[in-house]
Structure formats: structure tokens, C-alpha cells
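Peer 1: Once you've had a glance at the structure underneath, I'll fire off some questions.
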Amino acid sequence: MHTAHLLAAEAGPLTINGTFIVEVVAFVLMLLFLSRVPLPFLGIPKPVFPWIISIAEARQKAITEQLEAADRARADAEARLKEAEAQLAEARKTAQTVIEGATKSAEQLRQELKQKAEEESKRTIEAARKEIDAERERAVQSVRSEVANLVVAATEKVIGETLDDAKHRQLIDKAIQEVASGNGSR
């Protein structure tokens, strides 16, 4: 018993004993077994290491494809975003052009309507003046006719005789001129 204890005490961290050699041999045999023998009863159709490597490669390939698809989708999304921004800028530009055109049209229409209203007002005023002048002329003619009739009647009564038409007109015109100039009060 004492010798086993002495052997254990003499063994250091770098001392190779039988157990270590057996463990290394078992490990190497296990590696060879796993790298060469398929295990179909465990659901592994080929040797374990190549099977694990093929699963890892398939997983890596799937991840790479997903990353590439994500990059393509991101690039497509960025392209659509740029296109949408360009369309939005174009729409804003078009809207601004339409607004400016509408503003100019509205201003032009306002000016035209104002000008037409002023012209219509001038025409209405001119027509009213002409109508007033015509009405005044009719009134003056009517008053002259009345005055002429009164003068003829007064003259016939004063003179006692009827004058000829030329004499009547001469007297009437003279009387009207005197009344119009304010000298008829003698």
C-alpha cells in the first residue's frame, strides 16, 4: 500500500502513466470510429464527423443565401425608396407649377374682370349721360313748344291779329333767347 502511495506521490503533472495511455488510445479509436462508421440506427446516415460537417455546411449555405436575399431585398427597398422620393419630388414640383399657374390665371382673370367691370361701368355711365341729354333735349323742346304756344296766344291777344308763321318763329326764338339769357324781365 505504501508503494502505491509512493508512486502517486512521485507522479507529477508531466508523468505518463498507464491510465493516460489507455485514455489517449480510446480517444483516438473513438475519433476513428466516428469519422469512418455510419450509425443508421441512430438516424445518422453516414459517419458522424462528415455528417456533422455536411449539416454545418448546409446551415452555413442556408445562412449565406438568407443574407444574400436580405441584401437583395434591402437593395430593392433602397431603389424603391429612391424612386418614390424622386416621384415625390416630381409631384411636389408639378404641384408647385400648378399652384403658380392657378395663381397667375386667377390674377389674370381678376384683372380681366376688373377691366370688363370698368368698361361696363363707363358704357353704363355714357349711356345714362346720353339718355339724360336726350331727355333734357326733349324737355327743352317741350318747354320751347309750350313757350311758343303761350307767346303766340299772348301776342294774338295783345296785337289782336294773327301773325304769319315766319313772324311767329322769329318772335318765339327771340323770346326764348331772352328768357334763356336772363334778359326777359323788361
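Peer 1: Under 30 Å from D173 (Cα atoms) and in contact with a helix residue (DSSP H, G or I) (Cβ under 8 Å, 6 or more places away or on another chain): does that describe R144?
Peer 2: yes
Peer 1: Could you tell me whether the stretch 117-135 includes any residue that is in a helix (DSSP H, G or I), out of contact with any Cys (no Cβ under 8 Å at 6 or more places or on another chain), among the aliphatic types (A, V, I, L, M) and under 21 Å from Q177 (Cα atoms)?
Peer 2: For the stretch 117-135, residues in a helix (DSSP H, G or I), out of contact with any Cys (no Cβ under 8 Å at 6 or more places or on another chain), among the aliphatic types (A, V, I, L, M) and under 21 Å from Q177 (Cα atoms): present.
Peer 1: Answer yes or no: is there a residue in the stretch 40-57 that is surrounded by 10 or more Cβ atoms within 10 Å (Cβ to Cβ), of a type in the set (D, E) and either touching a residue at least 12 places away in the same chain (Cβ under 8 Å) or farther than 30 Å from M30 by Cβ (or both).
Peer 2: no
Only the coordinates and a few stated rules stand behind these numbers; no lab work does. In this text the structure is predicted, and so the values were computed from the model without any measurement. Positions of Cβ are generated from backbone atoms using ideal geometry, with glycine treated the same way; all protein chains shown enter the neighbour counts.
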